[in-house]
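Down below is the structure, laid out as structure tokens.
Rule-based calculations on the coordinates, nothing more; no lab input. For clarity, every value in this text was computed on a predicted model and none was experimentally measured. Reconstructed Cβ throughout: ideal geometry from the backbone, glycine too, with neighbour counts over all protein chains shown.
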Amino acid sequence: GQADVATVSEYALQPPHITQAEGKQLRVLYAIPGVPAHGVAIDDDVPAAMRQNIINAMLKLNQPENNKLLKDLYNSTELVKVNHNNHLQPIRDALARAGIQP
């Protein structure tokens, strides 16, 4: 489709998502570094020990011998564990400034 403005992940600016010719027609107005392309959520009902085992297993995908699998399956080169509240605070602040209750 066509649009005057769009918000996309950086990988959407590369083949196979767009051609090189299409990429040359685009201009990045603003980039926000360090934003994960995809999040992983684990339900609070999952026991803490199991949750930690899942996190540890996923973080092993960052190891060099496993990184190709991570890139192939998740289209990412690194998984980073974040604190949920800290991660979402900037959006909560922006909503509050806009007068929107989260």
**OP:** Name the residue, out of N67, N62, that is farther than 23 Å from P90 by Cα, of a type outside the set (F, W, Y) and in contact with an Asp or Glu (Cβ under 6 Å, 6 or more places away or on another chain).
**Re:** N62
Original post:
R51: basic (K, R), over 17 Å from the mean Cα position of the chain (by Cα) and over 27 Å from D4 (Cα atoms), yes or no?
Top reply: yes
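So that you can scan it fast, the table gives a plain yes or no per residue for (1) out of contact with any Phe, Trp or Tyr (no Cβ under 6 Å at 6 or more places or on another chain); (2) in a loop (DSSP other than H, G, I, E, B); (3) not polar (S, T, N, Q):
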position	(1), (2), (3)
D4	yes, yes, yes
V8	yes, yes, yes
N85	yes, no, no
P90	yes, no, yes
P102	yes, yes, yes
Original post:
Looking at the range 58-83, which of its residues are surrounded by fewer than 14 Cβ atoms within 10 Å (Cβ to Cβ) and under 14 Å from A41 (Cα atoms)?
Top reply: V80, K81, V82, N83
Original post:
Which is touching a helix residue (DSSP H, G or I) at 6+ places or on another chain (Cβ under 9 Å) and farther than 28 Å from N86 by Cα, of L69, L61?
Top reply: L69
Original post:
Within the bounds of the range 93-102, is there any residue that is exposed (fewer than 12 other Cβ atoms within 10 Å of the Cβ), touching a Leu at 6+ places or on another chain (Cβ under 9 Å) and over 30 Å from Q14 (Cα atoms)?
Top reply: yes
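One line per residue, one yes/no per condition, for (1) out of contact with any Gly (no Cβ under 6 Å at 6 or more places or on another chain); (2) without any contact (Cβ under 8 Å) to a residue 60 or more places away in the chain; (3) within 21 Å of E10 (Cβ to Cβ):
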residue: V46; (1), (2), (3): yes, yes, no
residue: I55; (1), (2), (3): yes, yes, no
residue: L61; (1), (2), (3): yes, yes, yes
residue: N66; (1), (2), (3): yes, yes, no
residue: N75; (1), (2), (3): yes, no, yes
residue: L79; (1), (2), (3): yes, yes, yes
residue: V82; (1), (2), (3): yes, yes, yes
residue: P90; (1), (2), (3): yes, yes, yes
Subject >> Cβ-Cβ under 7 Å pairs, at least 6 apart or on other chains, the range 12-27 side without any contact (Cβ under 8 Å) to a residue 40 or more places away in the chain, far side aliphatic (A, V, I, L, M) and assigned to a loop (DSSP other than H, G, I, E, B) >> reply: L13/L26
